[in-house]
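Input: a single structure, listed below in structure tokens.
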Amino acid sequence: MKSGQLGKHAEIMTVKFAIRLFVLLALTAMAAWAQNGSPDKNGPAAPQPVAAAGPSYVIGADDMLLVSVWKEPDLTTTLPVRPDGNISLPLLNDVTAAGLTPMQLAAAITEKLKKYVADPRVTVIVTQINSQKVYATGEVLHTGAIQLLPNMTVLQALASAGFTQFANLKSIYVLRFENGKEQKIPVNYKRLVKGQGTNQNILLKPGDTIVVP
């Protein structure tokens, strides 16, 4: 074979090798993409919302809820409970939420969605508790509503409210309405901070009013 022909043959072989290498790399890349999924699927998963309340919690006005419908992103939403106790959802309009536990609300939404979605799977999570409040009045620095946290004691609430210089720390009391009756629960702050009379450091309930004379 002449030198010119040899050079041309070598050039053809080089091109064929390059084409085969390109095809091999392309096939390898496609296989890897098929195995791992698209970049969107491989991206970091969105953090799951943390439930601020347990399954027995009773939802109230101003609470923030996550309503999640499996495989239905258009129906999944985070929204507050309105003062009238309802929430507004796509397709369903107003749904009563106040007075129900998260599981009860999920069951109610599931039943309503059956008209529009095949086998709906609904989860309700309370992401913020805003409906549970107690109140401080009298000789405190911050009068009015205090957000009631889980297992909040009267001592913790008083730490948030603060005292004026005229506060009578021995005669504080909690007003509580239960079963249609008013209770007056005494709280001696001076004894509590000394570690005495700890039975007066009661757990607060929604609607309690702490009075500092």
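What follows is calculated from the coordinates using simple rules that are stated; it is not laboratory data. Nothing here was measured: the structure is a model prediction, and the numbers come from that model. Here Cβ is always computed from backbone atoms with ideal geometry, including for glycine, and neighbour counts include all displayed protein chains.
Specify the inter-centroid distance of region 69-112 and region 118-190, based on alpha-carbon positions, in whole Å. Answer, in whole Å: 28.
With Cα atoms as the point set, the radius of gyration and Dmax of region 113-162 evaluate to 18.8, 58 Å.
Normalise the Debye intensity by I(0) for region 52-167, one equal point scatterer per Cα, no solvent, then take log10 at q = 0.11, 0.15, 0.19 Å⁻¹ and round to two decimals. Summing over Cα pairs of region 52-167 leads to -0.45, -0.68, -0.92.
Using a cut-off of under 14 Å, list every residue of region 171-213 whose amide N is near the label point 7 Å from the Cα of residue 153 along the Cα-to-beta-carbon line. Backbone N within reach: 187-204. Stretching the chain fully between residue 88 and residue 145 yields a gain of 17.9 nm (0.36 nm per residue, less the alpha carbon separation). At full extension, residue 199 and residue 168 could sit 9.2 nm farther apart than now, given 0.36 nm per residue minus the alpha carbon distance.
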